[in-house]
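Would you mind keeping the following structure in view while I ask a few things?
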Amino acid sequence: MAKELYARGRVNRRDFLSLCAILGVSAAGVGLGSKRALAAGEITISNFGGDAVKAYTDAWTTPFAEATGTKVNIDGAGPLPGNIKKMVDEKNVIWDVSDGDGFYGLQLGPDYLEPIDYTVVDPKGYFEWNKFPLSAGNYVYSYVLAYDKTKLPEAPTSWADFFDLKKFPGKRTLWKWFMGMPEIFMLAAGKKPEEVYPIDMKLVVEMVKSLGDNLVLWDSGASSQQLFLDGEVVMGNIWNTRCSVLERDTKGRVGWIWNQQIASPGAWCIPKGGKHVAEAQKFIASTQDPKKQIKLLDAMGNGPANPAALPLLTEEQKRLNPTSHLDVGIIRNEQWYADNYDTELNTWLDAVAG
């Protein structure tokens, strides 16, 4: 029955394999091997789920399927590096393309990822900082200073204001999971953009303590929004994608500034050992289309990874787009995160827990 449902397209590959595991049989044992050879025109990409599933479907996967005949399934289970490692180590790679951060390629390396084929993927379709040998930019998001206009005497203008408890009293929020947070401590301490890296974690820890009970942590995009919706915080370092939603949902009560944004590259990577590497490369290439990237911007606020999209934006799209404001921000250093994330995350967690 499972095989028949799979053949009819009623069950995707991930669910089929999970069902086989529950039943205690292998995919080959029910004759899937020959079927998959014939069904080469089907790939699975992973992303972070939620609204991103529909947004990716509309902007990228449906157009690709219509243009090539290759069906694209989306697995929203969460493409973390540990999940990719596990798949490759167990020789059970079910993702043909994985979403993630730019540093994934630098962190996982060639033992876990296929190289991006820049004879298929256009090497000119990127900013200098979102193209890597083992990962290729798909969008840009950023960490920005959001604030409640009704709770502050005036709008903050920089990260230094985030730490000015006298001029801007009230609780403020930071992300529990570290990325895009330590940079603001360096900038608030007066470091120039070129001096932000390497991060001085001793300074970060000292400045975290200076916030005392005024610090509230968010652990998901939804929770960062809720803190503002409920009026629990006056300002915070949150994703720009959530800011545009908050602005809409609060009728302008919550705003944000682009100054000193930490622009961060999202990126595609290809787990090593997948069965459809050629199709994966073609899919990545298809997502470079500026018009498709603009569609994602309209849906979620993710900025285009291809600079060719910038001249095509309306004034309102530019207002919401992080890559239209790179001149007032910094670019997150993916090499620093690849080298330090695993070790310094614990330093960060200890600091914010104290």
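The values are calculated or read from the model by the stated rules, or taken from the named source; none is laboratory data. Here the structure is a predicted model, which means the values were calculated and not measured. Because the Cβ atoms are built from the backbone with ideal geometry, glycine has one as well, and the counts that use them run over all protein chains shown. Note: areas computed on protein heavy atoms with side chains; ligands, DNA, RNA excluded. Shrake-Rupley method; radii C 1.70, N 1.55, O 1.52, S 1.80 Å.
Would it be correct to say that TYR139 is among the hydroxyl-bearing types (Ser, Thr, Tyr) and in a loop (DSSP other than H, G, I, E, B)? Steps first, answer last, please.
Numbers: among the hydroxyl-bearing types (Ser, Thr, Tyr): yes; in a loop (DSSP other than H, G, I, E, B): no.
Here the answer is no, as TYR139 does not meet what is asked.
Can you pull out every residue in segment 185-194 that is out of contact with any strand residue (DSSP E or B) (no Cβ under 6 Å at 6 or more places or on another chain), open to solvent by less than 60 Å² (accessible area, probe 1.4 Å) and part of a helix (DSSP H, G or I)?
Scanning segment 185-194 gives PHE185, MET186, ALA188.
Out of curiosity, is LYS251 closer than 28 Å to LEU80 by Cα and part of a loop (DSSP other than H, G, I, E, B)?
Values: closer than 28 Å to LEU80 by Cα: no; part of a loop (DSSP other than H, G, I, E, B): yes.
Answer is no for this residue.
Condition first: open to solvent by less than 20 Å² (accessible area, probe 1.4 Å), more than 21 Å from ALA353 (Cβ to Cβ), in a helix (DSSP H, G or I) and in contact (Cβ under 8 Å) with a residue 12 or more places away in the chain. Can you find one or more residues in segment 204-226 that meet it? Before you say what the answer is, go through the steps one by one.
We begin by selecting, within segment 204-226, every residue open to solvent by less than 20 Å² (accessible area, probe 1.4 Å); these are 204, 208, 211, 218, 221, 224.
Okay, now just the ones that are also more than 21 Å from ALA353 (Cβ to Cβ), so 221.
Still in the list and also in a helix (DSSP H, G or I): 221.
Remaining after also requiring in contact (Cβ under 8 Å) with a residue 12 or more places away in the chain: 221.
Yes, segment 204-226 contains a residue that is open to solvent by less than 20 Å² (accessible area, probe 1.4 Å), more than 21 Å from ALA353 (Cβ to Cβ), in a helix (DSSP H, G or I) and in contact (Cβ under 8 Å) with a residue 12 or more places away in the chain.
Filter segment 316-350 down to the residues that are closer than 24 Å to GLN107 by Cα, open to solvent by less than 30 Å² (accessible area, probe 1.4 Å) and of a type outside the set (Val, Ile, Thr) and list them by number.
So in segment 316-350, the residues closer than 24 Å to GLN107 by Cα come out as 330-350.
With open to solvent by less than 30 Å² (accessible area, probe 1.4 Å) added as a condition, the list becomes 330, 332, 334, 336-338, 345, 348.
Those that are closer than 24 Å to GLN107 by Cα, open to solvent by less than 30 Å² (accessible area, probe 1.4 Å) and of a type outside the set (Val, Ile, Thr): ARG332, GLU334, TRP336, TYR337, ALA338, LEU345, TRP348.
Report whether or not VAL120 is at pLDDT 95 or above and either buried (at least 18 other Cβ atoms within 10 Å of the Cβ) or under 18 Å from the mean Cα position of the chain (by Cα) (or both).
Working: at pLDDT 95 or above: yes; either buried (at least 18 other Cβ atoms within 10 Å of the Cβ) or under 18 Å from the mean Cα position of the chain (by Cα) (or both): no.
Taking the combined requirement at face value, the residue does not satisfy it.
Which ranges mark the helices (runs of 4 or more DSSP H) fully within segment 273-336 that have 3 or more residues being in contact (Cβ under 8 Å) with a residue 24 or more places away in the chain? First the steps, then the outcome.
Values: elements: 277-286, 290-300, 315-320.
Here the list reads 277-286, 290-300.
Looking only at residues that are buried (at least 22 other Cβ atoms within 10 Å of the Cβ) and hydrophobic (A, V, I, L, M, F, W, C) in segment 252-263, which one is farthest from ALA338 (Cα to Cα)?
That would be VAL254.
Let me confirm something: among LEU152, LEU134, which residue is closer than 30 Å to ASP230 by Cα and assigned to a loop (DSSP other than H, G, I, E, B)?
Values: LEU134 fails: closer than 30 Å to ASP230 by Cα.
Answer to the check: LEU152.
Within segment 149-177, take every residue that is of a type in the set (Gly, Ala, Ser) and open to solvent by less than 30 Å² (accessible area, probe 1.4 Å) and give me the one that is farthest from the chain's Cα centre (by Cα). If you could, list the steps in order and put the result at the bottom.
Step one: list which residues in segment 149-177 are of a type in the set (Gly, Ala, Ser), which gives 155, 158, 160, 170.
When the remaining residues are screened for being open to solvent by less than 30 Å² (accessible area, probe 1.4 Å), the result is 158, 170.
On the way: SER158: 24, GLY170: 29 Å.
Result: GLY170.
Among the residues of segment 63-92, write down those that are in a loop (DSSP other than H, G, I, E, B), modelled with pLDDT of 95 or more and surrounded by fewer than 18 Cβ atoms within 10 Å (Cβ to Cβ). Even if it seems obvious, please write down each step before you answer.
So in segment 63-92, the residues in a loop (DSSP other than H, G, I, E, B) come out as 69-70, 76-80, 90-92.
Still in the list and also modelled with pLDDT of 95 or more: 69-70, 90-92.
Of everything in segment 63-92, those that are in a loop (DSSP other than H, G, I, E, B), modelled with pLDDT of 95 or more and surrounded by fewer than 18 Cβ atoms within 10 Å (Cβ to Cβ) turn out to be GLY69, GLU90, LYS91, ASN92.
Take GLY266 and decide whether it is surrounded by 20 or more Cβ atoms within 10 Å (Cβ to Cβ) and assigned to a loop (DSSP other than H, G, I, E, B). Talk me through it step by step, then tell me what you get.
Values: surrounded by 20 or more Cβ atoms within 10 Å (Cβ to Cβ): yes; assigned to a loop (DSSP other than H, G, I, E, B): no.
When the stated conditions are applied, GLY266 does not pass them.
Take the conditions within 24 Å of VAL328 (Cβ to Cβ), surrounded by fewer than 15 Cβ atoms within 10 Å (Cβ to Cβ) and modelled with pLDDT of 95 or more and apply them to GLY180. Does it pass?
On the way: within 24 Å of VAL328 (Cβ to Cβ): yes; surrounded by fewer than 15 Cβ atoms within 10 Å (Cβ to Cβ): no; modelled with pLDDT of 95 or more: yes.
No: the conditions fail for GLY180.
Looking at (1) touching an Asp or Glu at 6+ places or on another chain (Cβ under 8 Å); (2) surrounded by 18 or more Cβ atoms within 10 Å (Cβ to Cβ); (3) not polar (S, T, N, Q), find the lone condition where TYR197 falls short.
So the condition that TYR197 fails would be (1).
Only one of GLY78, GLY82 is without any contact (Cβ under 8 Å) to a residue 40 or more places away in the chain, at positive phi and out of contact with any Leu (no Cβ under 7 Å at 6 or more places or on another chain); which? First the steps, then the outcome.
Values: GLY82 fails: at positive phi.
Answer to the check: GLY78.
Considering segment 234-278 alone, what residues qualify as being over 26 Å from SER135 (Cα atoms) and within 19 Å of the chain's Cα centre (by Cα)?
Result: GLY236, ASN237, CYS243, SER244, VAL245, LEU246, TRP258.
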